[in-house]
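Student: Encoded as structure tokens, here's the structure I'll be asking about.
The values are calculated or read from the model by the stated rules, or taken from the named source; none is laboratory data. From a predicted model like this one, the values you see are computed outputs, not experimental measurements. Don't worry about glycine lacking a Cβ; one is built from the backbone with ideal geometry, like all the others, and counts go over all protein chains shown. Keep in mind that these areas ignore ligands, DNA and RNA; they rest on the heavy atoms of the full protein, side chains included. Shrake-Rupley method; radii C 1.70, N 1.55, O 1.52, S 1.80 Å.
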Amino acid sequence: MGSGDAPMASSLKEFHARSIADREGFWAEQARLIDWEHPFGQVLDYSRPPFARWFVGGRTNLCHNAVDRHLAARRDAPALIHVSSETGTERVYTFGELHREVVRMAAAMRALGVRRGERVLIYMPMIPEAAFAMLACARIGAIHSVVFGGFASHSLASRIDDAAPVLVVSADAGSRAGKVIPYKPLLDAAIELSRNKPAKVLMVDRGLATFERTAGRDHDYAELRARHLDEEVPVEWLESNEVSYTLYTSGTTGTPKGVQRDVGGYAVALAASMKHIFCGNPGETYFSTSDIGWVVGHSYIVYGPLIAGMATIMYEGTPLRPDPGILWQLVEKHRVTVMFSAPTAIRVLKKQDPSWLTRHDLSSLRTLFLAGEPLDEPTARWIGDALGKPIVDNYWQTETGWPILTVAHGIEKTPTRLGSPGMPMYGYDLRLLHEKTGDEVGVDEKGVVAIVPPLPPGCMQTVWGDDERFVKTYFTSVPGKLVYSTFDWGIRDRDGYYFILGRTDDVINVAGHRLGTREIEESLSSHSAVAECAVVGVADALKGQVAIGFVVLKDPALAATAEAAQALEGELMATVDRQLGAVARPSRVHFVSLLPKTRSGKVLRRSIQAICEARDPGDLTTIEDPSALEQVRHALGGGR
Ligand code: AMP
């Protein structure tokens, strides 16, 4: 950082320092960003660590803050822009229309007997009714639990069992890359499997797939909506610490846990992040390419942008159809100012003709935010150069609900640093701790990314129905200290920028040297031929574990012949040798045309590892494309 940047850097640091030194004063100020029906009496109740209760006694409502409170100023302004490149449809709902539809959905839920505090499970594709259902739950004080539409019966059943919903809202089908995916048979099978069968199912029929109806249980949304067209459903004012939703964490981190969130703290955290981090203004358009089944979809498709008075784009489709310019076409058409995507989507685009990025007028776009997985330097540089816009990485988890590490350009224009998601955000008392001693590590030393509780507003309150699991899972891994573990390795440079080195549970131990698979991946990715890669640790009789790499090339022709592949493999190994040392060198590098990933873009390293070790690859219900695993098998079989 140049010396000219120093005063600016201290301002974000000061903002952060104040959020920790004077938590209550800081968050009481942020709480003014939302409407309260009744003021809170206490900012923070931390009498039962590590459980934090924010804005105690305050009454508010997420739906009111996202929808109703904007009616006066922007009733006719766009609120929800739904685009499906799958069905070729587009529909813009103004705040007034969104309000009407949410109230109709709320009336339908009421008619089906849903009451405050009861759970509604939402298993839906990216259609407007999914957002209506979430907001309707918030309106009537029901707890929603959105389950990603890509999950199959078994995963869905386990979530139904855990949430015990009185109602499931679903649809006939989703569509992905032109292929209709019927939901109802999966839902029926899941209910059949589950112990806590919901009394009612509300079906949105988009006319994509015919489905069976169970008499007495299944209800048609169009019919119910028509019956409640003009009904009024007032907002249910909730105490700040009542539960707004539960969301099950993705399967990459063990068995699913119901991450439980409150009402007031979440609303305040989102409003603050929209202002300080995403810098979105009322009347502008926000575009997140995520899915409502993930935390990004909750925080930054539905609630965050709407709370900020922005229009939000809800997109059903892939980044490549009808052509690889679709995302940018939407930016141009809807004058998107703030965009949020994932590195994996950018790597997909990286393999396309780069001219797709320059065919549309992107003058409205200020910043592209990327999150969910490590953003490697080459990808960050490529997209930044191609768009000519700032790229802001942000690091967080389902558990936290909003960014832990990033830059907050609403506070100061801290320069970003390639490969680093940034600095600790206000509210997070972040530490890098030695995994054994629990002591803080020094500059440039690797430690576990941990947060000293209380966790700030917006973070999970507990694991749904299991306080003990919350404490055991997250607060007991650092010896002798009650700190929240992210289970990620991190490192901090001299200027205070953090770097995420991978999961603490993805470490490889090669001949006694502990290595993060992420570090080796970073090294492989730095080779100009590599589009993306995954590295796993595989059991080895001699060394304990060895690293094996799977690489997707930008140009598959580079490894078209056995000789070429061998030469390139050697080059890649030499690259790692050079950058990290021989100890980190993968024992093999295989070439594949795609990596096994979840639908949310996370590489299924455990499954790859299992296949490498001739074990069962485990739960694959979230896999994007099962043929990727076949490629791994084939590569192993052919390469030895
Ligand atoms: P999930 O809760 O499924 O979103 O996964 C959270 C995990 O994804 C984190 O604990 C990290 O391991 C990883 N992750 C998310 N965002 C980033 C990022 N910007 N950089 C590096 N890793 C990330």
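Student: Would you confirm whether any residue within segment 363-370 is under 23 Å from residue 270 (Cα atoms) and open to solvent by 20 Å² or more (accessible area, probe 1.4 Å)?
Tutor: Yes, segment 363-370 contains a residue that is under 23 Å from residue 270 (Cα atoms) and open to solvent by 20 Å² or more (accessible area, probe 1.4 Å).
Student: Something else: What are the pairs, 6+ residues apart or on separate chains, where a residue within segment 548-570 that is farther than 16 Å from residue 632 by Cβ has its Cβ under 7 Å from a residue that is assigned to a helix (DSSP H, G or I) and open to solvent by 70 Å² or more (accessible area, probe 1.4 Å)?
Tutor: 564/558; 568/558
Student: Taking the stated definitions as given, is residue 203 in a helix (DSSP H, G or I) and more than 16 Å from the ligand (Cβ to nearest atom)? Show your work before the answer.
Tutor: Details: in a helix (DSSP H, G or I): no; more than 16 Å from the ligand (Cβ to nearest atom): yes.
For residue 203, the condition - in a helix (DSSP H, G or I) and more than 16 Å from the ligand (Cβ to nearest atom) - is not met.
Student: Could you please let me know if residue 620 is modelled with pLDDT of 90 or more, open to solvent by less than 70 Å² (accessible area, probe 1.4 Å) and under 26 Å from residue 290 (Cβ atoms)? Lay out the reasoning, then the answer.
Tutor: On the way: modelled with pLDDT of 90 or more: no; open to solvent by less than 70 Å² (accessible area, probe 1.4 Å): yes; under 26 Å from residue 290 (Cβ atoms): yes.
The answer is no for residue 620.
Student: So how many residues does segment 465-498 have that are among the hydrophobic types (A, V, I, L, M, F, W, C), more than 15 Å from residue 443 (Cβ to Cβ) and within 14 Å of the ligand (Cβ to nearest atom)? Show your work before the answer.
Tutor: We begin by selecting, within segment 465-498, every residue among the hydrophobic types (A, V, I, L, M, F, W, C); these are 470-471, 475, 478, 482-483, 487, 489, 491.
Going one step further and asking which of them are more than 15 Å from residue 443 (Cβ to Cβ), we end up with 470-471, 475, 478, 482-483, 487, 489.
After this cut, where a residue has to be within 14 Å of the ligand (Cβ to nearest atom) as well, the list is 487, 489.
So the answer is 2.
Student: A further question on this structure: How many residues does segment 436-457 contain that are open to solvent by 20 Å² or more (accessible area, probe 1.4 Å) and of a type in the set (Val, Ile, Thr)? Steps first, please.
Tutor: Of the residues in segment 436-457, the ones open to solvent by 20 Å² or more (accessible area, probe 1.4 Å) are 436-437, 439-440, 442-446, 452.
Imposing the further condition that a residue be of a type in the set (Val, Ile, Thr) reduces the set to 437, 443, 452.
The total comes to 3.
Student: May I pose another question? Test residue 433 against the stated conditions and say whether it is away from the ligand (no atom under 13 Å from the Cβ), buried (at least 21 other Cβ atoms within 10 Å of the Cβ) and of a type in the set (A, V, I, L, M, F, W, C). Give the derivation first.
Tutor: Details: away from the ligand (no atom under 13 Å from the Cβ): yes; buried (at least 21 other Cβ atoms within 10 Å of the Cβ): yes; of a type in the set (A, V, I, L, M, F, W, C): yes.
Yes; evaluated as a whole, the condition is true for this residue.
Student: Further, regarding this structure: For residue 414, only one of the following conditions fails: (1) over 25 Å from residue 504 (Cα atoms); (2) surrounded by fewer than 22 Cβ atoms within 10 Å (Cβ to Cβ); (3) more than 15 Å from the ligand (Cβ to nearest atom). What is its number?
Tutor: (2)
Student: Examine segment 108-125 for a residue that is of a type in the set (Phe, Trp, Tyr), open to solvent by less than 10 Å² (accessible area, probe 1.4 Å) and in a helix (DSSP H, G or I), and state whether such a residue exists. Steps first, answer last, please.
Tutor: Restricting attention to segment 108-125, the residues satisfying the condition of being of a type in the set (Phe, Trp, Tyr) are 123.
If we keep only those that are open to solvent by less than 10 Å² (accessible area, probe 1.4 Å) too, we end up with 123.
Cutting the leftovers down to in a helix (DSSP H, G or I) gives us none.
Scanning segment 108-125 turns up no residue that is of a type in the set (Phe, Trp, Tyr), open to solvent by less than 10 Å² (accessible area, probe 1.4 Å) and in a helix (DSSP H, G or I).
Student: What are the pairs with Cβ atoms under 7 angstrom where one residue, in segment 493-505, is closer than 11 Å to residue 432 by Cβ and at pLDDT below 95 and the other, located anywhere, is in a loop (DSSP other than H, G, I, E, B) and more than 9 Å from the ligand (Cβ to nearest atom)? Sequence gap at least six, or different chains.
Tutor: 501/446
Student: Which members of segment 185-202 meet the condition of being open to solvent by less than 60 Å² (accessible area, probe 1.4 Å) and more than 19 Å from residue 105 (Cβ to Cβ)? Let's see the steps before the verdict.
Tutor: Of all residues in segment 185-202, those open to solvent by less than 60 Å² (accessible area, probe 1.4 Å) come to 186-191, 194, 196, 198, 200-202.
Matches in segment 185-202: 186, 188, 189, 190, 191, 194, 196.
Student: Give segment 12-50 a look and list any residue that's among the basic types (Lys, Arg), modelled with pLDDT of 95 or more and surrounded by 12 or more Cβ atoms within 10 Å (Cβ to Cβ), or say none. Give the derivation first.
Tutor: Initial filter on segment 12-50 (among the basic types (Lys, Arg)): 13, 18, 23, 32, 48.
If we keep only those that are modelled with pLDDT of 95 or more too, we end up with 18, 23, 32, 48.
Residues satisfying the conditions are 18, 23.
Student: Moving on. Check 121, 135, 80, 62 and return the single one that is within 30 Å of residue 21 (Cβ to Cβ), touching a helix residue (DSSP H, G or I) at 6+ places or on another chain (Cβ under 6 Å) and not charged (D, E, K, R).
Tutor: Numbers: 121 fails: within 30 Å of residue 21 (Cβ to Cβ); 135 fails: within 30 Å of residue 21 (Cβ to Cβ); 80 fails: within 30 Å of residue 21 (Cβ to Cβ).
Only one candidate passes the filter, namely 62.
Student: From the list 288, 299, 341, which residue is open to solvent by less than 10 Å² (accessible area, probe 1.4 Å), within 17 Å of the chain's Cα centre (by Cα) and closer than 22 Å to residue 552 by Cα?
Tutor: Numbers: 288 fails: closer than 22 Å to residue 552 by Cα; 299 fails: closer than 22 Å to residue 552 by Cα.
Criteria check complete, one pass: 341.
Student: Then there is this: Could you please let me know if residue 600 is surrounded by 13 or more Cβ atoms within 10 Å (Cβ to Cβ) and either of a type in the set (Gly, Ala, Ser) or modelled with pLDDT of 90 or more (or both)? So that I can check it myself, show each step before the final result.
Tutor: Values: surrounded by 13 or more Cβ atoms within 10 Å (Cβ to Cβ): yes; either of a type in the set (Gly, Ala, Ser) or modelled with pLDDT of 90 or more (or both): yes.
So residue 600 fits the description; yes.
Student: Kindly indicate whether any position in segment 203-211 is open to solvent by 20 Å² or more (accessible area, probe 1.4 Å), closer than 28 Å to residue 312 by Cα and among the charged types (D, E, K, R).
Tutor: Scanning segment 203-211, I find at least one residue that is open to solvent by 20 Å² or more (accessible area, probe 1.4 Å), closer than 28 Å to residue 312 by Cα and among the charged types (D, E, K, R), so the answer is yes.
To keep it simple, each residue is scored yes or no on (1) surrounded by 13 or more Cβ atoms within 10 Å (Cβ to Cβ); (2) under 19 Å from residue 628 (Cα atoms); (3) in contact with a Ser or Thr (Cβ under 8 Å, 6 or more places away or on another chain).
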{"site": "524", "(1), (2), (3)": "yes, no, yes"}
{"site": "527", "(1), (2), (3)": "yes, no, yes"}
{"site": "536", "(1), (2), (3)": "yes, yes, yes"}
{"site": "546", "(1), (2), (3)": "yes, no, yes"}
{"site": "559", "(1), (2), (3)": "yes, yes, no"}
{"site": "568", "(1), (2), (3)": "yes, no, no"}
{"site": "573", "(1), (2), (3)": "yes, no, no"}
{"site": "585", "(1), (2), (3)": "yes, no, no"}
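Student: Output the residue which, of all residues in segment 237-265 that are out of contact with any strand residue (DSSP E or B) (no Cβ under 8 Å at 6 or more places or on another chain) and within 16 Å of the ligand (Cβ to nearest atom), is modelled with the lowest pLDDT. Steps first, answer last, please.
Tutor: We begin by selecting, within segment 237-265, every residue out of contact with any strand residue (DSSP E or B) (no Cβ under 8 Å at 6 or more places or on another chain); these are 242, 254-255.
This time we only want the ones that are within 16 Å of the ligand (Cβ to nearest atom), so: 254-255.
Details: 254: 40, 255: 59.
That would be 254.
Student: Do any strands (runs of 3 or more DSSP E) entirely within segment 285-403 hold 1 or more residues that are more than 25 Å from residue 65 (Cβ to Cβ), within 16 Å of the ligand (Cβ to nearest atom) and free of Cβ contacts under 8 Å to residues at least 12 places away in the same chain, and if so, which?
Tutor: Values: elements: 285-288, 311-316, 336-341, 367-371, 391-394.
Filter on segment 285-403 gives an empty set.
Student: In segment 55-69, how many are within 15 Å of residue 96 (Cβ to Cβ) and open to solvent by less than 10 Å² (accessible area, probe 1.4 Å)?
Tutor: 3
Student: Now for a separate question. Every residue in segment 212-248 that is in a strand (DSSP E or B) and either open to solvent by 60 Å² or more (accessible area, probe 1.4 Å) or of a type in the set (D, E, K, R) (or both), please. Lay out the reasoning, then the answer.
Tutor: So the first thing to find is which residues in segment 212-248 are in a strand (DSSP E or B), and the list is 218-220, 238-239, 245-248.
Across segment 212-248, the qualifying residues are 218, 220, 239.
Student: Which condition number does residue 262 fail, the rest of (1) under 22 Å from residue 99 (Cβ atoms); (2) touching a residue at least 60 places away in the same chain (Cβ under 8 Å); (3) of a type in the set (D, E, K, R) being met?
Tutor: (1)
Student: What are the pairs with Cβ atoms under 6 angstrom where one residue, in segment 265-282, is at positive phi and the other, located anywhere, is in a loop (DSSP other than H, G, I, E, B) and crowded, with 23+ Cβ neighbours inside 10 Å? Sequence gap at least six, or different chains.
Tutor: none
Student: Among (1) of a type in the set (A, V, I, L, M, F, W, C); (2) out of contact with any helix residue (DSSP H, G or I) (no Cβ under 8 Å at 6 or more places or on another chain); (3) farther than 28 Å from residue 111 by Cα; (4) more than 15 Å from the ligand (Cβ to nearest atom), there is one condition residue 277 misses while meeting the rest; what is its number?
Tutor: (4)
Student: Same structure, new question: Could you please tell me which pairs satisfy a Cβ distance under 8 Å, a separation of 6+ or placement on different chains, a first residue in segment 31-45 that is in a helix (DSSP H, G or I), and a second residue that is of a type outside the set (Val, Ile, Thr)?
Tutor: 31/40; 31/55; 31/58; 31/264; 33/271; 33/272; 33/275
Student: Assess whether residue 439 counts as being over 27 Å from residue 304 (Cα atoms), of a type in the set (D, E, K, R), away from the ligand (no atom under 15 Å from the Cβ) and without any contact (Cβ under 8 Å) to a residue 24 or more places away in the chain.
Tutor: So residue 439 passes the test.
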